[in-house]
Amino acid sequence: MASRHSTVSGVMGQCICAGCSGPLVSPVQLTECLHILCNKCALKLKRNSGSNTIFCPKCNTENNDLLTLQLIAGISSNSSDDVIMCDRCMKDAAMWNCFNCSMNLCGNCRTHHEEQATDETGDIALDQKKHSYMLLPQASNLRGKIFDSSFREINEEEDAAAAFDSLDASDTRCPVCNEDRANCRHTVILQSLQNEALPPTHCPKAGHAEYAFFCLKCWVPCCGECSEKGEHKLHETRPLEDMGTYLEDSMNKVKERASALMQGCVEDVKEEEAIEQRLKKHVDMIGKSMEERRLKILKQTTISFDQAVANARGQGQDILTDYRGKLAESQRFNYFLDNLRDTLSNISLDRNHFSVANSIQVFEKQKEASSLLAEVDGAMRNLTKAEERRLVLPEVKKVVPPPLPLARVGTEWSSLKLAFSLPLGDRVSIPLSIVVTGSEECLISAKMSKERDPDGIIYYHQKTGPFVHDTPRGRFMISQLKSKEIVASYSNPDTEEHGVMYSNGHFLSSPSLGNNVQFDEVKRFDFPPTGITTTSDNYILVCVLADSEKVKHLSCLMKMSLRGEVIKTTMRRPGRNMISPDFVAVNDDGDICVADTEGSSVIVLNENLDIKDRMNYRLPTMMDESSSVFKPHGLCYDSYGRIIVTDPDNQSVVRLVRDPNTLKYIMQPLLTKSDDLPGLSYPRLVAMGPDMRLWVVCRNDILVFDYCT
């Protein structure tokens, strides 16, 4: 058996358990007080409590036990004795459902399924790390064997010392008190139990006889004199010969209790070893992915640097060519003037033999030479002198790190942690859109409950509560620019005014400035727009869904500038299969996702509005037995480019992630009604806050979760 102790590195390795005060081993954080325990201590407290809560040993706070299988699996929903059979072996009772394959599996088949699973054709091998499991409701007669019905039975006569010594030899601490085993009273008790020497049968007091009675209060044997006159005279005693059956029954109960604890420990070790293996595979997979990204960065860097070297050589050649051209012109002038000088040196007036012809010849040549020199002088004055130019390299003060989206690694919990919640209040009927403006505050546009109240925008803060802004009557859906201003798609059914509007976001998130909101019109439409968002370069994306006398069967996504100029639409573009585009979100890379509710799809487009992917799923029935059709509603991107989608019809929030091998999107459940989370009722909207908190707007509450670090 592999060691069940794992070494925790970094800051966690320096922390101590709130229960045993020892180094943390497989740490677990409590839900309410947030103190951290060893997994062993948490399981011990859970078993001792006998309920679905854990009382913190440090502060005595009552905490919900997220590890309780009954809460996770909803075991109480199956009160009958119906047994669900395994879909693979068809022999044993199924205890797990694979979220990805929709298969019911027993413990043995799940282990095999973790190592290798196949798709419907049986051709493609899928790694277990891409699969999620949920525990099935169990028949009442099987609930004591939730993990596996084929675990090893514990031999009651098994040597306890061998079991104790089978622990990691390097760990000399007692698992009960965390003290060194050499000085631990639990080790002393265990060694005394291993001692096969018979105890004394006579009372040690002088003059007393053999033990003949047993004191039920002190739980020790005693002689007749001690039972009648000594320290046990007021206690209830029994003759030793009558205690045989009683002692045998008591010993059997002790053995059964020890076997049950050992059985639970075996199950815990098996589960923790399986988790350790999954985490190891996950860490290895992340390491491989990072290595692939490193090679990608090196390749891109090499290509860029080679291109820079080629550009430098090209610039150098241009400098040399230009300089050599100027030099060649100067050399041509030098050659020409050198010939002219030699020629002029041969022209002279012969004074010894004066003649008119010689004088006229010199005069004419002097005239021509003067004219030529004037032209040469003018040309040399117009000649641009060659200037020396040099190549310049930037100063290198530090190595530029790789781009963050390619190399950043985050850490997230296996289940979301609720940070706080906000009640929507009685005035809100249906929340329409959300903008997170801070770590504890947001803006929500909503349909109001009372008919006399116009649909409007509400400011929420964790400390101050809601504040309703006065807005023009109509239906608003809002988004926020990088510069904090608010843009809104607007529709008034009374006046049939529709369009996109703009307002100062600082005003909206500062109730102290007043509640009368002023909007400036960006563009007016003949149809009511729906979902709206903004890009990093300050463009507006608007969902359009219209079918009226003025506009027939219009469903598309529109991209426009802040001045109202329509840049692109998805109308008459390939693959524009949008039935009802209701909500839209955009990530930092420019990718756009659209929730097509009636089309049961999430559609991914690039910044040019060309469709890249279309996800249409059928949800497993375990998420909602009444409806298994995927009905996406509100959506957003997290900081790692993953799509988070609400599905109010199935009362769930899911995440769409690319498979690193196939590059296809797969679905991961984040929140479902089986989580039994207060307030999680018909989640409609979702948004990612600036501090990596996930805001989920439900029917009556806003739930804010610690999402990722």
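How many residues are part of a strand (DSSP E or B) and within 25 Å of residue 418 (Cα to Cα) if we restrict to the range 458-477?
Taking the range 458-477 and keeping what is part of a strand (DSSP E or B), we get 458-461, 465-468, 470, 475-477.
Filter once more, so that each one left must be within 25 Å of residue 418 (Cα to Cα): 458-461, 465-467.
So the answer is 7.
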Next on the checklist: So residue 450 passes all but one of these: (1) exposed (fewer than 13 other Cβ atoms within 10 Å of the Cβ); (2) at pLDDT 85 or above; (3) of a type outside the set (Val, Ile, Thr); (4) more than 27 Å from residue 419 (Cβ to Cβ). Which condition number does it fail?
Outcome noted: (2)
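Restricting to the range 52-68, and then to whatever is assigned to a loop (DSSP other than H, G, I, E, B) and at pLDDT 80 or above, can you tell me which residue is surrounded by the most Cβ atoms within 10 Å (Cβ to Cβ)? If you could, list the steps in order and put the result at the bottom.
Taking the range 52-68 first, the residues assigned to a loop (DSSP other than H, G, I, E, B) are 52, 56-61, 65-68.
Now drop any that are not at pLDDT 80 or above, which leaves 56-61.
Numbers: 56: 18, 57: 16, 58: 15, 59: 13, 60: 8, 61: 15.
Within the range 52-68, the match that is surrounded by the most Cβ atoms within 10 Å (Cβ to Cβ) is 56.
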Checklist entry - Would a scan of the range 319-337 turn up a residue that is acidic (Asp, Glu), over 30 Å from residue 293 (Cβ atoms), in the same structural domain as residue 293 (by TED's automatic domain parsing) and loosely packed, with under 11 Cβ neighbours inside 10 Å? => result no
Next on the checklist: Restricting to the range 597-607, name every residue that is surrounded by fewer than 24 Cβ atoms within 10 Å (Cβ to Cβ) and part of a strand (DSSP E or B).
Outcome noted: 601, 604
Checklist entry - Given the structure, is residue 174 within 30 Å of residue 23 (Cβ to Cβ) and touching a helix residue (DSSP H, G or I) at 6+ places or on another chain (Cβ under 8 Å)? => result yes
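Yes or no: the range 201-208 includes at least one residue that is without any contact (Cβ under 8 Å) to a residue 60 or more places away in the chain, closer than 30 Å to residue 20 by Cβ, surrounded by 14 or more Cβ atoms within 10 Å (Cβ to Cβ) and of a type outside the set (Ser, Thr, Tyr).
Keep residues of the range 201-208 that are without any contact (Cβ under 8 Å) to a residue 60 or more places away in the chain, which gives 201-208.
In the following step, the residues that additionally are closer than 30 Å to residue 20 by Cβ were identified as none.
No, the range 201-208 contains no residue that is without any contact (Cβ under 8 Å) to a residue 60 or more places away in the chain, closer than 30 Å to residue 20 by Cβ, surrounded by 14 or more Cβ atoms within 10 Å (Cβ to Cβ) and of a type outside the set (Ser, Thr, Tyr).
Filter the range 347-398 down to the residues that are small (Gly, Ala, Ser), surrounded by 12 or more Cβ atoms within 10 Å (Cβ to Cβ) and closer than 30 Å to residue 320 by Cβ and list them by number. First the steps, then the outcome.
We begin by selecting, within the range 347-398, every residue small (Gly, Ala, Ser); these are 348, 355, 357, 359, 369-371, 374, 378-379, 386.
Checking the rest, the ones that are also surrounded by 12 or more Cβ atoms within 10 Å (Cβ to Cβ) come to 359, 369, 379, 386.
Once the filter is applied, which keeps residues that are small (Gly, Ala, Ser), surrounded by 12 or more Cβ atoms within 10 Å (Cβ to Cβ) and closer than 30 Å to residue 320 by Cβ, the range 347-398 yields 379, 386.
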Checklist entry - Across the range 654-680, which residue is farthest from the chain's Cα centre (by Cα) among those that are polar (S, T, N, Q) and part of a strand (DSSP E or B)? => result 672
Checklist outcome for this item: A careful count of residues in the range 478-504 that are at pLDDT below 85, in contact with a strand residue (DSSP E or B) (Cβ under 7 Å, 6 or more places away or on another chain) and either outside any strand (DSSP E or B) or outside the structural domain of residue 430 (by TED's automatic domain parsing) (or both) gives 0
Checklist entry - Would it be correct to say that residue 313 is assigned to a loop (DSSP other than H, G, I, E, B), surrounded by 11 or more Cβ atoms within 10 Å (Cβ to Cβ) and either in the same structural domain as residue 290 (by TED's automatic domain parsing) or in contact with a His (Cβ under 8 Å, 6 or more places away or on another chain) (or both)? => result no
Checklist outcome for this item: Per the filter on the range 624-653, residues in a loop (DSSP other than H, G, I, E, B) and under 25 Å from residue 692 (Cβ atoms) are 632, 633, 634, 638, 639, 640, 641, 642, 651
Checklist entry - Considering the range 524-547 alone, what residues qualify as being touching an Asp or Glu at 6+ places or on another chain (Cβ under 8 Å) and either outside the structural domain of residue 466 (by TED's automatic domain parsing) or modelled with pLDDT of 85 or more (or both)? => result 524, 530, 531, 535, 536, 543
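Give the residues of the range 318-354 that are assigned to a helix (DSSP H, G or I) and among the β-branched types (Val, Ile, Thr), sorted by residue number.
Applying the first criterion (assigned to a helix (DSSP H, G or I)) to the range 318-354 yields 318-345.
319, 321, 343, listed by residue number.
Kindly indicate which of 560, 622, 571 is modelled with pLDDT under 85, assigned by TED's automatic domain parsing to the domain that holds residue 476 and surrounded by 16 or more Cβ atoms within 10 Å (Cβ to Cβ). First the steps, then the outcome.
Details: 560 fails: modelled with pLDDT under 85; 571 fails: surrounded by 16 or more Cβ atoms within 10 Å (Cβ to Cβ).
Answer to the check: 622.
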Checklist entry - Taking the range 689-701 on its own, how many of its residues are surrounded by fewer than 23 Cβ atoms within 10 Å (Cβ to Cβ) and not charged (D, E, K, R)? => result 4
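The values are calculated or read from the model by the stated rules, or taken from the named source; none is laboratory data. Because the structure is predicted, anything quoted here is derived from the model rather than measured. Positions of Cβ are backbone-derived with ideal geometry, glycine not excepted, and every protein chain shown enters the neighbour counts.
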